[in-house]
1. Considering only residues that are over 18 Å from Ile158 (Cα atoms) and small (Gly, Ala, Ser), look in the range 209-233 and name the one that is most open to solvent (accessible area, probe 1.4 Å).
2. Being in contact (Cβ under 8 Å) with a residue 40 or more places away in the chain, open to solvent by 40 Å² or more (accessible area, probe 1.4 Å), touching a Ser or Thr at 6+ places or on another chain (Cβ under 6 Å) and charged (D, E, K, R) is the requirement here; does Asp491 meet it?
3. Under the condition of being among the charged types (D, E, K, R), in a loop (DSSP other than H, G, I, E, B) and closer than 20 Å to Thr106 by Cβ, which residue from the range 154-206 is nearest to the chain's Cα centre (by Cα)?
4. Hey, does the range 420-430 have a residue that's in contact with a Leu (Cβ under 7 Å, 6 or more places away or on another chain), open to solvent by less than 50 Å² (accessible area, probe 1.4 Å) and not β-branched (Val, Ile, Thr)?
5. Would you pick out the residues in the range 282-327 that are of a type in the set (A, V, I, L, M, F, W, C), within 30 Å of Met35 (Cβ to Cβ), in contact with an Asp or Glu (Cβ under 8 Å, 6 or more places away or on another chain) and at pLDDT 95 or above?
6. Filter the range 596-618 for residues that are closer than 15 Å to Gly629 by Cβ and small (Gly, Ala, Ser) and give the result.
7. Scan the range 73-89 and tell me whether some residue there is touching a His at 6+ places or on another chain (Cβ under 9 Å) and either outside any helix (DSSP H, G or I) or open to solvent by 20 Å² or more (accessible area, probe 1.4 Å) (or both).
8. Applying the selection to the range 435-459, what residues are of a type outside the set (A, V, I, L, M, F, W, C), over 11 Å from Asn383 (Cα atoms) and open to solvent by less than 50 Å² (accessible area, probe 1.4 Å)?
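The values are calculated or read from the model by the stated rules, or taken from the named source; none is laboratory data. These numbers come from a predicted model, not from an experiment. Glycine gets a Cβ as well: all are built from the backbone with ideal geometry, and neighbour counts include every protein chain shown. To get the accessible areas, we keep the full protein, side chains included, count just its heavy atoms, and leave off ligands, DNA and RNA. Shrake-Rupley method; radii C 1.70, N 1.55, O 1.52, S 1.80 Å.
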Amino acid sequence: MKRIRYWLLAIAMAVLPFISVGRALAVSCGAGKSMNVVAHEDDDLLFLNPAILHDIQNNRCVQTVFMTAGDAGSGSSYWGGRESGMKAAYAQMAGVSNVWDDTTPTILGHTAHLSTLHNAPQVSLLFLRLPDGGEHDGIEGFASDNYETMRKLWQGTIGTIHAVDGSASYAREELTDTLATQMALYEPGTIRSLDYTGTYSDLSGGDDDHWDHHSSAYFTQVAQAKHTVVSHMLTGYMGYPVDSQSTNISGTDLTNKQNAFYTYNAYDGGDCTSSSNCTAVLADYLQKQYAVGTQSGSNRWSYTTMEGDPGSLSGRNADVGNQPSTVVFGTNVYSFYYDATAGDLRYAKSSTSTTTPSWTFGILDGAGGSSGRLNTDLGLTPNSIVFNGVLHVFYYDPTSGNLRHGWTSDGVNWSFNNHDGDTGSIGGLNANLGKTPIATVYGSSLQLFYYDASNGNLRHSWSSDGSAWSFETLDGDSGAVSGYNANVGGDPSVTVYGSTLQLFYYDLTQGDLRHAWSDASGWHFETLDGSGGSSGRVSADVGITSTVAVQGSYLNVFYYDSSNGNLRHMWTSPTAGWQAENLIGDASSVVRYNGSIGAMPVAIANGSAMELFTYDASHQALIHLWDAGSGWQEESVDGFGADSAGTVGSNVGLDPSLVIYGSALHVIYYDAGQGNLRYAQLSI
């Protein structure tokens with residue numbers, strides 16, 4: 001659903017008289033507010049602390065929301081004891097007597113249970129009392145709860161979930177909106193959750209975290225994106241898998257964290273009320289705290305469906321937007337993309353002088369016409385570039401197996417030809433070629449690289465004026481410049497680094513990332529990653545879809561590891577050799593995500609920051625990673641986990657293209673779920 005800030009505020013204002021959060025809101029919160037959303041009574045003490053302790057010690061307003069009763073299929077005497085334990089623990093952390101003021105606020109028609117610490121009213125607890133979703137004996141949920149769980153609600157296998165005390169029931173969207181409304185009312189600048197980056201395991205394994213941990217985090221992630229009243233930061237924390245991490249809490253923090261949990265545990269089993277009787281598992285959890293991801297909120301992004309359905313900017317109802325290429329030419333920005341319905345190459349154009357683009361649309365090639373246009377199915381994998389004041393676009397014609405070339409000096413009058421692929425083309429090679437072309441300007445020449453599918457080669461053409469061209473087979477057979485005989489050249493990426501031309505591409509035979517570079521002495525070739533080795537290299541199928549960017553003195557290449565579902569990162573500088581890492585994708589990554597992510601990356605250097613976008617195949621979403629010098633951060637831009645105003649819930653984020661102008665990032669990408677061309681903008 002598409003909602004804007006005013007909708008959320010209207011709801012909040014409408015229900016404000018009926019929400020008893022006034023005691024916590026009325027106190028001074030000059031030090032700020034934080035909200036912690038967890039699944040069970042004790043998750044906060046085990047996995048989020050000592051962050052909550054620090055907030056209380058620094059006189060921040062703190063509210064913790066418990067989504068389930070943690071009932072384990074037992075009655076109110078058990079889950080009520082757990083709630084009492086939480087109250088005792090928070091009173092202990094605040095250093096005041098264990099006296100609470102209890103109310104039953106109504107939030108969007110749903111009854112909740114609020115407890116405010118009487119002598120420290122900046123501390124409050126909110127209990128929703130949903131069923132515990134534990135797995136036991138191969139069964140999810142408990143008979144006493146009709147086997148209802150948050151995971152089933154999230155996945156849509158049940159339509160409604162009921163509080164264990166009968167106080168409320170929620171559909172999936174209602175639960176999200178209840179959390180979002182509570183956030184809008186409380187206005188936290190800090191929001192914490194459990195692990196929203198991980199994925200559900202099945203009954204036989206997975207990441208071994210509790211399903212409720214992930215479920216509560218997924219709902220929190222979507223809710224915080226709808227909460228646009230104040231700017232805020234969401235941080236997710238590792239749950240049970242923390243047991244495989246190193247100890248990182250000690251000293252006073254450890255003592256205070258232990259004491260808070262010991263206080264709670266006296267109400268829940270008593271198996272960890274002191275260091276002398278604490279089970280090894282709980283004692284281990286208490287010594288650790290690991291964040292797995294952060295996201296900033298408050299409508300950072302604006303969104304538009306540019307083309308593809310009657311409600312889009314163009315109004316054209318068709319499957320359009322696949323594999324866009326975006327470039328700034330003069331005072332305009334152009335995006336070229338494939339129309340799968342008509343089999344055409346289309347374009348969108350807007351002036352760069354406006355903060356919010358005003359797009360016009362048209363057919364560039366494929367529907368016939370003058371100046372060398374064809375009437376055939378063409379336009380796949382376009383790549384656009386400006387050279388010597390001329391805009392060039394190269395694209396694949398699958399009907400004839402040719403690489404097409406269009407160019408214009410004014411954006412109005414275009415010329416077209418077959419660049420390579422048959423005997424009548426400029427290159428003259430009769431082969432099925434031209435997929436995934438990539439071009440760059442190197443010195444005074446335009447350099448172009450593309451895949452020859454018939455021969456499994458990497459082709460290369462270059463020109464000093466954009467009209468007279470030279471051609472060669474660069475890599476892939478014994479007659480190539482490299483002399484390497486293999487099926488290579490898929491998905492190339494290229495850049496200029498100092499006085500060298502740097503080229504990266506996929507070796508389909510070996511499943512490796514190939515690297516070629518040209519300097520004053522000619523071309524050089526190597527296998528960069530995929531066959532193992534030192535400095536972080538792996539033995540895996542890597543290198544399909546890559547992107548390259550220069551930032552300062554560093555050359556960076558990002559590429560997909562299809563064996564492990566990771567986005568890989570390698571970098572080098574003039575004074576250091578290549579280093580490699582898993583940037584995002586699994587527990588070993590710099591940014592832990594636990595999903596298949598990293599296909600179709602695109603990167604650009606923005607001053608001292610690196611901006612990177614990629615597709616998350618597990619969640620079918622567009623992901624943004626950036627490093628401004630303090631480490632990598634990650635957010636969902638569109639699709640799963642990005643349900644702020646203007647986002648969509650379909651399979652979105654494929655083939656992102658990226659330009660920077662007007663102090664903003666402009667990202668254009670394909671919505672495969674709806675067959676639309678999407679646009680997102682972020683001021684920087």
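1. Ser231
2. Answer is yes for this residue.
3. If we take residues in the range 154-206 being among the charged types (D, E, K, R), in a loop (DSSP other than H, G, I, E, B) and closer than 20 Å to Thr106 by Cβ, then Glu187 is nearest to the chain's Cα centre (by Cα).
4. Checked the range 420-430: at least one residue is in contact with a Leu (Cβ under 7 Å, 6 or more places away or on another chain), open to solvent by less than 50 Å² (accessible area, probe 1.4 Å) and not β-branched (Val, Ile, Thr).
5. Leu282
6. Ala605, Gly607, Ser608, Ala609, listed by residue number.
7. Scanning the range 73-89, I find at least one residue that is touching a His at 6+ places or on another chain (Cβ under 9 Å) and either outside any helix (DSSP H, G or I) or open to solvent by 20 Å² or more (accessible area, probe 1.4 Å) (or both), so the answer is yes.
8. If the condition is that a residue be of a type outside the set (A, V, I, L, M, F, W, C), over 11 Å from Asn383 (Cα atoms) and open to solvent by less than 50 Å² (accessible area, probe 1.4 Å), then Ser445, Gln447, Tyr451, Asp452, Gly456, Asn457, Arg459 are the ones that fit.
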